[in-house]
Amino acid sequence: MKNKFRSFWGTIAIAVFLMLVVSACDNPSGPDTPGNAPGGNNVPGGNNGGNNGGNNGGNNGGNNDTGRTIETLSFATQLTEANWISILNQVHATGNYVILNLSGSTPSNVNTGDGLRSDGTFSSHGARQGKDRIVELILPDSATSIGASAFGWTMPQHAPSNLARVAGSGVRSIGDSAFQWAPLTSVYFPMATSIGIAAFANTNLTSANFPLVTSMGNGAFSDTNLTSVNFPLVTSIGSNAFRNTNLTSITNTNFPLVTIIGSNAFAGNTNLTSVFFPNVDEIGSSAFFGCTGLTSANFPRVSYIGSFAFAETGAAGLTIFLGATAPSLSGRIFDSVSMKTVTVRVPGGATGYGTIPVNYSGSWNSGSSWGQGFRGAGWIPAPPRFLTVGEGGGTAAINGNITLHVTH
């Protein structure tokens, strides 16, 4: 066994199919025999579809996607190390790209330390090449967890190079870097409740719809092509979670329960024009750093805004809707911004903002106020004062290029 499986994608096979937390491990289809697939045709070159005997493998016909032939292979088997490497060999033997349906298979709890090396190679050339022919993967119905780095890693050459779509109807937990660097365009995990650190980072995802997710790790969707998101149960957005995506707007229904936006959470989203977080209490440092297209932001319940929250957001005018009580402010909120007009709108009867309406422009001359704190000095409401230099603020940190209007 130790010389059979020498790959980083061996780690993939193990992390997902051999280390998956399962709910039906006691009902395998056959311990060492990939089972009969719907359609029943044997895979070309597969010795009846497998190296472990039995009527293995299924060719359910083919289609053509962007000029390349794609066929569907289905297996119902216990996913031991030997069976998994056999499946990958069969995928390679087709000579085509493959939709791999493992919904009827059963994950195995094989000792993952057996037969693994970290040199990024398979002892089997067919298996090594096979993983790069999978364009769509349907995980076992009994699989409830995807292990860390299962289909990705911190380097792109380790990820399956053509895996565009993954579905797992029973998956609850998605581990750290589970799909990082895989070229995914869509995923379907309707039962998922937790997403690990960088789980989908550096993929080609355009949409993230996770109706049951309550926990999301740092960098979960950073550096992706996301244009739409739906996380109705998430309460905290981790640091860098959506950094450098293609999001254009966030409405009050995308993150209705979020109370904390982590540092750099949406940094670098240059296409982002408007955001609305109805229950956010805390905005982390650099949360919207570099969002040069942002023109509208609504935070009716925010009580704290971190340093550099809107730094390097360019010259576009920005209207920010805040709540009835002025939030405390860290320093340099608009650092490295030149010639920008910012309008803060607050409800009638709001407190802590000082005289309303009020305008601020140019360099600071004297006095202290929430508005000058917002322009960079930082602000502590009780007792009301600017932050000190040691606290990251002070009058020297006020950005005189910001013209600020505080009004109802």
Do we find that Phe386 is within 35 Å of the chain's Cα centre (by Cα) and among the aromatic types (Phe, Trp, Tyr) in this structure?
no
Failed criterion for Leu163 (all others in (1) crowded, with 18+ Cβ neighbours inside 10 Å; (2) of a type outside the set (Ser, Thr, Tyr); (3) in contact with a Ser or Thr (Cβ under 9 Å, 6 or more places away or on another chain); (4) closer than 22 Å to Ile134 by Cα hold)
(3)
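Okay, residues lined up against (1) of a type in the set (Phe, Trp, Tyr); (2) assigned to a loop (DSSP other than H, G, I, E, B); (3) at pLDDT 95 or above; (4) surrounded by fewer than 18 Cβ atoms within 10 Å (Cβ to Cβ):
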| residue | (1), (2), (3), (4) |
| --- | --- |
| Asp176 | no, yes, no, no |
| Ala199 | no, yes, yes, no |
| Leu212 | no, yes, yes, yes |
| Gly219 | no, yes, yes, no |
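Going through segment 364-382 one residue at a time, which ones are surrounded by 13 or more Cβ atoms within 10 Å (Cβ to Cβ) and free of Cβ contacts under 8 Å to residues at least 24 places away in the same chain? Break it down into steps so the answer makes sense when it comes.
First, pick out the residues of segment 364-382 that are surrounded by 13 or more Cβ atoms within 10 Å (Cβ to Cβ): 364, 368-381.
Those that are surrounded by 13 or more Cβ atoms within 10 Å (Cβ to Cβ) and free of Cβ contacts under 8 Å to residues at least 24 places away in the same chain: Ser368, Ser369.
Pick out the one residue from Ser363, Ser368, Ser338 that is in contact with a strand residue (DSSP E or B) (Cβ under 8 Å, 6 or more places away or on another chain), of a type outside the set (Phe, Trp, Tyr) and either over 28 Å from Pro278 (Cβ atoms) or not in a strand (DSSP E or B) (or both).
Values: Ser363 fails: in contact with a strand residue (DSSP E or B) (Cβ under 8 Å, 6 or more places away or on another chain); Ser338 fails: in contact with a strand residue (DSSP E or B) (Cβ under 8 Å, 6 or more places away or on another chain).
When all the criteria are applied, what remains is Ser368.
Every residue, every condition in (1) small (Gly, Ala, Ser); (2) modelled with pLDDT under 95; (3) closer than 19 Å to Gly317 by Cβ; (4) touching a helix residue (DSSP H, G or I) at 6+ places or on another chain (Cβ under 9 Å), yes or no:
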| position | (1), (2), (3), (4) |
| --- | --- |
| Pro347 | no, no, no, no |
| Thr351 | no, no, no, no |
| Val358 | no, no, yes, yes |
| Trp364 | no, yes, no, yes |
| Ser368 | yes, yes, no, yes |
| Gln372 | no, no, no, yes |
| Leu387 | no, no, no, yes |
| Gly393 | yes, no, no, yes |
| Ile398 | no, no, no, yes |
All-but-one check, Asn225 against (1) over 21 Å from Pro140 (Cβ atoms); (2) within 10 Å of the chain's Cα centre (by Cα); (3) part of a loop (DSSP other than H, G, I, E, B), failing number (2)
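Do we find a residue being assigned to a loop (DSSP other than H, G, I, E, B) and within 30 Å of Ser149 (Cβ to Cβ) anywhere in segment 289-297? Before the answer, list the steps.
Applying the first criterion (assigned to a loop (DSSP other than H, G, I, E, B)) to segment 289-297 yields 289-295.
If we keep only those that are within 30 Å of Ser149 (Cβ to Cβ) as well, we get 289-290.
Within segment 289-297, one or more residues are assigned to a loop (DSSP other than H, G, I, E, B) and within 30 Å of Ser149 (Cβ to Cβ).
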Filtered residues of segment 383-403 (kept if closer than 10 Å to Gly331 by Cβ and in contact (Cβ under 8 Å) with a residue 60 or more places away in the chain)
Glu391, Gly392, Gly393, Gly394, Ala397
Those residues that are buried (at least 17 other Cβ atoms within 10 Å of the Cβ), hydroxyl-bearing (Ser, Thr, Tyr) and in contact with a Phe, Trp or Tyr (Cβ under 9 Å, 6 or more places away or on another chain), I need them from segment 305-363; list them, please.
Thr313, Ser328, Ser330, Tyr353, Tyr360
Can you pull out every residue in segment 76-98 that is outside any strand (DSSP E or B), of a type in the set (A, V, I, L, M, F, W, C) and touching a helix residue (DSSP H, G or I) at 6+ places or on another chain (Cβ under 6 Å)?
Trp84, Ile85, Leu88, Val91
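The values are calculated or read from the model by the stated rules, or taken from the named source; none is laboratory data. None of these values were measured; they are calculated from a predicted model. Here the Cβ is made from the backbone with ideal geometry for all residues, glycine too, and neighbour counts use every protein chain on show.
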